[in-house]
Amino acid sequence: MRRKFVLGGFLLVLAVAALALAGGSAARSEQEPFKVAFIYPGPHDDGGWSQAHDKGRLAIENALGSKVETTYKENIFSSAQVPQVVASLARDGYDMIFGCSFGFFELGVNGQLYKKYPDIYFEQATGTQVKKNQSEYFGAGEDTIYLSGMAAGAASKKGPIGYIVPFGIPEVIRHANAFLLGAQATHPGARVKLLWTNAWVSVPKETAAAKSLIAAGVDVLGQNVDTPAAGAVAEDKGIPWVGYDSDARKIAPKQWLTAATYNWGPYYVKRVKAAMNGTWKPGFYYGTIKDGFTDIAPYGPKVSAKTKAAIAAKKKAIVAGKFNVFTGPLYDQAGKLRVPKGKTLKVLPDLYEMDWLAKGMIGKVSTVKPPS
Amino acid sequence: MNDTLLVIVLADAVLYGTPLLFASLGELLAERSGVLNLGVEGMMLFGAVVGFWVTQRVEGASASVLVLAILASGLSGAAMAAIHAFLTITLRANQIVSGLALTIFAGGLGLSAYVGTELGFSPDIPAKQHFGSVDVLGLADLPVLGPIVFDQSALVYASWIAALLVGLYLGRTRFGLNVRAVGEAPASADAMGINVTLYRYVHVLIGGGFAGVAGACYSLSISPGWIAGDTLIGGAGWIAIALVIFAFWRAELCLVGAYLFGALSALPFALQARNVDVAPEFLYALPYVMTIVVLVIVSTGLSKRHLGAPAALGIPYVREER
């Protein structure tokens, strides 16, 4: 008797649960939110690269409210983890995935993900693989990094300027070259010393790199790595510092010069809207200062009025299309002419295949590539 | 003189060797009592985040806040070790499995990352306090020895005292002798009236405390601040475990090994900054390669000689099995 009662109760609970589930899903399908996911190479709050993307994700939430649902997967430092992450996102019904690092949807088997999930919109930052459901996007970091290099050059007395770099890939090489060329614009003959951490995100390595560069005699620090760790060292040692990706003034209030920053939000909002209303098309987007995609962060106290004016003038010329960072004549480390006078390198393929360091650079390209 | 590569690398060897020294001394105590704890990496990260939390939240004189932070780091490391102790000593679970589980649970993608995120820590939050270098007796500018010996943080000097105390404790005191007995032959120790369970608990917990302090060396001294994930200490916990083997389970050799391995972690950057070209992978792998080489040499060439490993290391003690 008692057993029957328990069984009956159990069945009743099951029935209620089933009803609730059915009711829940029926209610949901009326205004099912568009689900957007982000994959970050570092922590979402790394104070640099991943954090800038996360601000873009929040911009989507602000712009589209309850019509979208967003999530992120952080610390995906190796492309090998990506297929698993995408599989779980697909299971959870995500409609669109932004992969915020080189190779996430491109290196090795990851290049086939778009085929495996034909209904998902893929968007990859910093890559080149455009497919029917995969887009590529990035910003002309070289423009703003050049401008931040101008601030570094002006702050340097005898030099060289130290530059902390992650991996020996074209993106990093063109950024380092842009930084050097910018420094030479305000400080003729400026030299830049490279130090490779062989990691996108590593606070101890970036700290050690900054210390080693200062010990080796650099008088200004710049970086293409993801966290502001070098800034803490710079503040401590009284060395001016140029950051990257995000405004990180508070980590080095005295030594902060500026940083090249990215504003991913407007692009993300536009793409999500397009996917929602069916106007999404694959493409290769390369945002500029003019688009509001790239910019430089507010200056610190060490940047003089004269330098600010020089940077402002150059920025204006870039926006007006009168100046390009990679217009010849440009020479490599060995003094060989790489870009003849009057010629300008194209984004594709030139900038995405750059493998030479400009004249005035100290160091070699690291042989270490991002983990795949 | 003090800008030469050698001096800089040696000074960095002490800086980067200090967390390795603390962590390996802690692991040494636990292993000497017969408990292998592979959770060092996890305990270190948890100690690191808690220590950083204290410096961000507690207002007061720098020195007292930092002492409090170190105590908190030690306690949180010990709290993590208590999980391992309960599982392996009371429940007699497999020590390797429990230790690995502890690293995953407390580590870079686990509890420490959760705590850091909940508290809103990120790398762009400046550290309010950190262990700066102490210019001992004004000798920091002394040629060669100045930067290496007299211009380090208080944690470095504390680690020397810790190494000395652990060495004396294990080698010269009755308690130390008892610990070694528990690690070598727990049944005999038990017969002598030594409380095996109590000894193991105490040493695993103290070992965890040392690991917590080792973690704080990173978040409060080497790169003050917090970042979620496993890059803050980047495998130092595993090196510390290898170091105990490398040091033949002796405190004084832990000191030597820690500085040797510390130099190896500083070397890639110092060499690169001076335009010396060495494959970084080679330098990163060296501590492990050296540990393997030492193990091979000692266990084959002199196979009959005692390596120094406690005989009961890794084996749960069951009183009935006598």
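List of remarks:
- Per-residue shielding of B:211-224, expressed as the average number of other chain Cβ atoms within 10 Å of the residue Cβ, stands at 2.
- Sequence-ordered 3J(HN,Hα) estimates for the range A:238-249 from the Karplus curve with 6.51, -1.76 and 1.60 and θ = phi - 60° stand at x, 10, x, 9, 10, x, 7, 6, 9, 6, 10, 3 Hz, glycine and proline given as x.
- Pairs with C-alpha atoms separated by more than 31 Å, drawn from the list A:K315/A:K346; A:K73/A:K132; A:K281/A:K359, are A:K281/A:K359.
- Radius 10 Å from Cβ of B:V196, net charge of other residues (Lys, Arg +1; Asp, Glu -1): +1
- Taking amide H as placed 1.01 Å from N in the peptide plane, the amide H of A:F34 sits under 5 Å from that of A:V68, A:E69, each at least 5 places away or on another chain.
- Amide hydrogen neighbours beyond the local backbone of B:V144, cut-off 5 Å, H modeled: B:N2
- Cut-off under 5 Å, modelled amide H: who pairs with A:I296 long-range: A:T261
- Neighbouring Cβ atoms from other chains, within 10 Å of the Cβ of residues in A:57-64, number 0 on average.
- Accessible surface of the range B:5-301, 1.4 Å probe: 73 percent of it comes from carbon and sulfur atoms.
- Estimated 222 nm signal from helices in the protein assembly as shown, with DSSP H stretches of n ≥ 4 weighted -39500 (n - 2.57), rounded to 500: -16000 deg cm²/dmol
- Set A:K314/A:K343; A:K131/A:K322; A:K193/A:K237; A:K193/A:K322 screened for pairs whose C-alpha atoms are more than 21 Å apart: A:K131/A:K322; A:K193/A:K322
- In order through the range A:305-311: 3J(HN,Hα) via Karplus (6.51 cos²θ - 1.76 cosθ + 1.60), integer Hz, x for Gly, Pro: 4, 5, 5, 4, 5, 4, 5
- 3J(HN,Hα) from dihedral phi, the range B:203-208, Karplus parametrisation 6.51/-1.76/1.60, rounded to Hz, x for glycine, proline: 6, 5, 5, 4, x, x
- Cα gyration tensor, the protein assembly as shown - rounded (a/c under 1.5), prolate or oblate: oblate
- Ranked by the mean number of other Cβ atoms within 10 Å per residue, highest first, peptides B:51-58, A:141-148, B:227-234 order as A:141-148, B:227-234, B:51-58.
The values are calculated or read from the model by the stated rules, or taken from the named source; none is laboratory data. This one's a predicted model, so the numbers in the text were calculated from it and none came from an experiment. Cβ atoms come from the backbone with ideal geometry, glycine included; neighbour counts cover every protein chain shown. SASA here: full protein model, heavy atoms, side chains in, ligands and nucleic acids out. Shrake-Rupley method; radii C 1.70, N 1.55, O 1.52, S 1.80 Å.
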